[in-house]
1. Given the convex hull of the Cα atoms of region A:42-101, what is a quarter of its surface area in nm²?
2. Name the shape class, rounded, prolate or oblate, that the alpha-carbon gyration tensor gives for region B:83-144, where a ≥ b ≥ c are the square roots of its eigenvalues, rounded holds for a/c under 1.5, and otherwise prolate holds if a/b is larger than b/c and oblate otherwise.
3. I'd like the mean, over residues of B:26-39, of how many other protein chain beta carbons sit within 10 Å of each residue's own Cβ.
4. Within a 10 angstrom radius of each residue's Cβ in A:42-50, how many Cβ atoms of other chains show up on average? Whole number is fine.
5. Using Cβ contacts closer than 10 Å as the measure, can you line up B:133, A:174, B:103 from fewest to most?
6. For peptide B:134-146, how many partner chain Cβ atoms fall within 10 Å of a residue's Cβ, on average?
7. Return A:119, B:43 ranked ascending by Cβ neighbour count within 10 Å, so the fewest neighbours appear first.
8. Of the peptides A:87-93, B:16-22, how do they stack up when ordered by the mean number of other Cβ atoms within 10 Å, highest first?
């Protein structure tokens with residue numbers, strides 16, 4: 001077989017391996033049935049693995065970070081059509097309580113039992129108004145105010161509680177109500193809000 | 001270490017074409033990237049759904065749509081049935097399926113409604129007080145999938 005080596009082409013005969021040049025006895029000696037303690041590290045597969053890891057982690061990377069932490073006693077419903085989260089006051093509704101940014105504001109079971117026509121939750125309303133006023137003090141431009149609030153509700157709560165919270169938000173000036181959901185995978189399709 | 005060591009060409013003065021890649025800084029960079037990405041990774045995939053509310057406070061008569069425009073309303077009833085109605089008087093009842101709402105039929109009904117009213121983007125969902133939140137979200141999700149992105153959520157008492 002006429003090889004490229006004879007013709008002095010670009011393909012060269014492989015040179016000596018690194019192991020041969022290490023001047024350590026235990027590396028160079030392979031005598032008398034003694035097992036070599038030297039283990040070669042296959043760098044090619046290691047670099048491959050690291051590259052795949054980086055690509056996977058970059059794909060799952062979220063620039064918005066963790067804006068929302070789900071409470072222990074809340075299981076979010078799943079949805080296929082969603083938008084990215086934004087910074088906003090978070091109202092959590094579990095089967096026990098209604099909280100605003102982690103502070104309890106009302107009792108869910110009491111809200112379910114109530115039959116009054118007044119849907120406003122006074123404590124929640126007052127605190128939302130305080131938050132709104134604080135925001136307006138810090139951002140005097142009226143265009144900055146989007147009235148966004150995120151409701152993080154347990155999937156088993158009744159609509160009765162939800163409508164009272166939504167009504168309170170609207171009365172307090174938060175007209176842009178959003179529901180927090182878990183993203184349901186849909187086979188690689190882009191979300192609706194993108 | 002680690003680089004593909006270029007073999008001496010042996011032919012006086014000719015530069016070898018092989019280039020040695022130093023893998024050590026490359027592996028360092030990859031390791032730093034992996035550490036950073038693992039630390040900043042968010043594994044819970046949370047998002048939000050937009051909803052418009054038609055409550056007692058903003059259901060003034062001035063908010064009524066013009067007479068020539070069709071209004072689409074979907075009633076979510078507590079007995080696991082849907083009722084899809086148009087302001088023209090047409091109404092479609094979607095019966096329960098195995099003790100749950102028939103979401104497949106709902107999707108078909110909404111798709112047909114979208115065909116009939118291609119320019120309509122809004123849909124009003126009216127639910128009973130005892131309907132569970134998860135079912136409302138699923139209904140809203142189907143409505144958005146059927147190209148009704150502006151979903152208004154209200155109870156049955158408000159304006160109808």
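No lab work stands behind these numbers, since they all come straight from the coordinates. Please read these numbers as outputs of a predicted model, since none were measured by experiment. Ideal geometry is used to build each Cβ from the backbone, glycine not excepted, and the neighbour counts take in all protein chains shown.
1. On the way: hull surface 26.1 nm².
Spelled out: convex hull of the Cα atoms, projected over all directions, averaged, 6.5 nm².
2. On the way: a/c = 1.64, a/b = 1.53, b/c = 1.07.
Prolate.
3. On the way: counts 4, 4, 0, 2, 7, 3, 1, 6, 6, 1, 3, 8, 2, 0.
The mean count of partner-chain Cβ atoms within 10 Å per residue comes to 3.
4. Details: counts 0, 8, 2, 0, 4, 6, 0, 1, 7.
The shielding value for this peptide is 3.
5. Working: B:133 22, A:174 26, B:103 16.
Placing the least packed residue first, the sequence is B:103, B:133, A:174.
6. Details: counts 11, 3, 8, 9, 5, 0, 5, 9, 3, 1, 6, 5, 0.
Going residue by residue through B:134-146 and averaging, the value is 5.
7. Fewest-to-most Cβ neighbours within 10 Å comes out as B:43, A:119.
8. Numbers: A:87-93: 20.7, B:16-22: 11.0.
Highest mean packing first, the order is A:87-93, B:16-22.
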